[in-house]
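S.K.: I have a structure here, written as structure tokens, and I will follow up with some questions on it.
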Amino acid sequence: MATRNPRRAVPPWPRLRVAEWEDTRETLHMWVQIVGKVRLAHAPLLNHWWQVTLYVSPRGLTTSAVPCAGEFFDIEFDFVDHVLRLRSSDGGLRTVPLESMPVAEFAARVSRALEELDLHTTIQDHPNEVEPAIPFSQDHRHHTYDPRAAHLFWRQLLQADRVMGAFRARFVGKASPVHFFWGAMDLACTRFSGRRAPRHAGGAPNCGDWVMVEGYSHELSSCGFWPGGGEEGAFYSYAYPEPPGYADRRVTPSDAFYSREHGQFLLPYEAVRTADDPDAALTGFLQSTYEAAADGAGWDRASLEADPERWG
């Protein structure tokens with residue numbers, strides 16, 4: 001396959017209106033749920049379900065290495081050449097083209113590829129955190145794939161991952177990787193104070209309350225990027241449990257606001273994209289909303305934070 005460099009034609013923070021790729025986004029959401037559930041079926045449980053996530057890669061989204069029957073495999077969405085690659089550590093390789101097809105067909109192709117690689121896998125046949133939860137094997141409603149939109153979405157994730165990764169480097173306490181949760185289809189990074197949290201009430205659609213109990217077992221401040229909010233998606237930040245006065249804290253930049261409907265601070269993606277310094281605008285949002293959570297809840301910030309340039 002010919003090598004391409006589409007990056008030259010795409011601005012660093014690309015414009016992608018939610019309305020322009022809604023059908024593709026909903027189809028891709030189901031596809032990443034299928035692949036994420038394959039990882040879930042094999043990877044050992046980690047705190048807060050960190051073992052189920054996907055990661056931004058130089059080509060798209062990947063499971064990273066997953067153990068299976070004494071070997072390893074990975075699955076990667078390649079949003080440059082628009083192909084799903086399944087690779088096993090014994091040299092096996094299968095591909096599924098990323099093109100318009102019903103979710104049911106995509107699920108069948110992935111299952112067949114796994115069987116051909118001797119990666120015998122059974123997953124739950126319906127999505128989580130969405131309504132309605134159409135079984136994958138019966139889903140012919142979602143079938144659209146626009147390669148340009150998928151590519152631009154991945155380019156958004158690249159920038160968000162890069163800035164969030166630099167922000168994560170300031171924290172030496174317990175913190176998650178910057179990773180992609182396929183349930184809500186968002187890129188997230190979470191910091192923890194070290195203290196346990198009140199039991200979460202759950203309530204996510206088509207998702208057992210026990211899932212949220214595990215995810216929110218400890219006091220946290222979480223931030224991320226969700227491609228479904230606002231006109232071009234939105235960055236978010238929230239605290240659990242939310243400390244007193246959190247919603248009234250002033251945060252930066254000026255386009256950021258607290259949404260009482262969602263119980264979190266939001267910053268429209270387009271406000272970052274069009275800023276004079278997008279990196280600084282997003283970093284300011286991540287830092288100021290974290291401080292709202294940490295100061296409001298009395299975190300031991302002196303012990304939890306560090307200068308990432310300390311060995312510079």
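S.K.: Quick one: what do you get for the chain if you divide its Cα Rg by 2.2 N^0.38 Å?
M.R.: This ratio for the chain stands at 1.00.
S.K.: Now for a separate question. Please name whichever of A184, P135, S217 sits farthest to the positive end of the charge dipole of the chain, dipole taken about the Cα centre and charges placed at Cβ: Lys and Arg +1, Asp and Glu -1.
M.R.: S217
S.K.: Let me check I've understood the local charge: for L93, count other residues with C-beta under 12 angstrom from its C-beta, Lys and Arg +1, Asp and Glu -1. What total comes out?
M.R.: -1
S.K.: What is the dipole size for the chain, taken about its Cα centre, with +1 at each Lys and Arg Cβ and -1 at each Asp and Glu Cβ, in debye to the nearest 20? Mind showing how you got there, number by number?
M.R.: Values: 31 positive and 41 negative charges, 109 e Å.
In total the dipole reaches around 520 debye.
S.K.: What spacing in nm lies between the two simple spin-label points modelled at E231 and D255, each 7 Å away from Cα in the Cβ direction?
M.R.: Taking the simple label geometry, E231 and D255 are separated by 1.0 nm.
S.K.: How long are the semi-axes of the ellipsoid equivalent to segment 222-312, from square roots of 5 times the Cα gyration tensor eigenvalues, in whole Å, largest first?
M.R.: Values: eigenvalues 98, 69, 21 Å².
After scaling each eigenvalue by five and taking roots: 22, 19, 10 Å.
S.K.: Additional query: Given R₀ = 22 Å, what would the calculated FRET efficiency be for R17 paired with A201, taking r from the Cβ atoms and rounding to 0.05?
M.R.: Details: r = 34 Å, r/R0 = 1.56.
E(calc), rounded to 0.05, equals 0.05.
S.K.: Something else about it: Between E105 and Q124, 0.36 nm times their residue separation minus their Cα-Cα distance comes to what? Intermediate values should be presented prior to the final figure.
M.R.: On the way: separation 19, 0.36 × 19 = 6.84 nm, distance 1.60 nm.
Result: 5.2 nm gained on full extension.
S.K.: A further question follows. In which sequence would I134, I34 go, from the one with the fewest C-beta neighbours within 10 Å to the one with the most? Could you put the intermediate results ahead of the total?
M.R.: Values: I134 18, I34 22.
Going from least to most buried by this count: I134, I34.
S.K.: Only counting other Cβ atoms within 10 Å, I'd like W31, W311, W226 sorted with the fewest neighbours first.
M.R.: Result, fewest neighbours first: W311, W226, W31.
S.K.: Sticking with the crude label model, points 7 Å out along Cα→Cβ, report the distance from Q138 to E242 in nm, one decimal please.
M.R.: Those two pseudo-labels are separated by 3.7 nm.
S.K.: Continuing with this model, one more query. Once you have the Cα-Cα distance between A65 and R162, take 0.36 nm times their residue separation minus that, and quote the gain in nm to one decimal.
M.R.: Full extension of this stretch gives 32.8 nm more.
S.K.: While we're on this one: Tell me the relative contact order for segment 3-104 as a rounded percent, counting alpha carbon contacts under 8 Å between residues six or more apart.
M.R.: Once normalised by length, the contact order is 16 percent.
S.K.: Follow-up. Take segment 20-138, drop everything but the C-alpha atoms, weight them equally and run the Debye formula without solvent; then report log10 I(q)/I(0) at 0.14, 0.16, 0.19 Å⁻¹ to two decimals.
M.R.: The computed values of log10 I(q)/I(0) come out as -0.56, -0.74, -1.08.
S.K.: Counting only the backbone N, which residues of segment 122-166 are under 13 Å from the spot 7 Å out from the Cα of W50 toward its beta-carbon?
M.R.: none
S.K.: Could you work out the Kirkwood radius for segment 147-304, taking every pair of different alpha carbons, averaging 1/r and inverting it, reported in Å?
M.R.: 16.0
Every read-out reported here was derived from the displayed coordinates using simple, explicitly stated rules and does not represent laboratory data. Small disclaimer: the values here were computed from a predicted structure and weren't measured. Backbone-built Cβ (ideal geometry, glycine too); neighbour counts: all protein chains shown.
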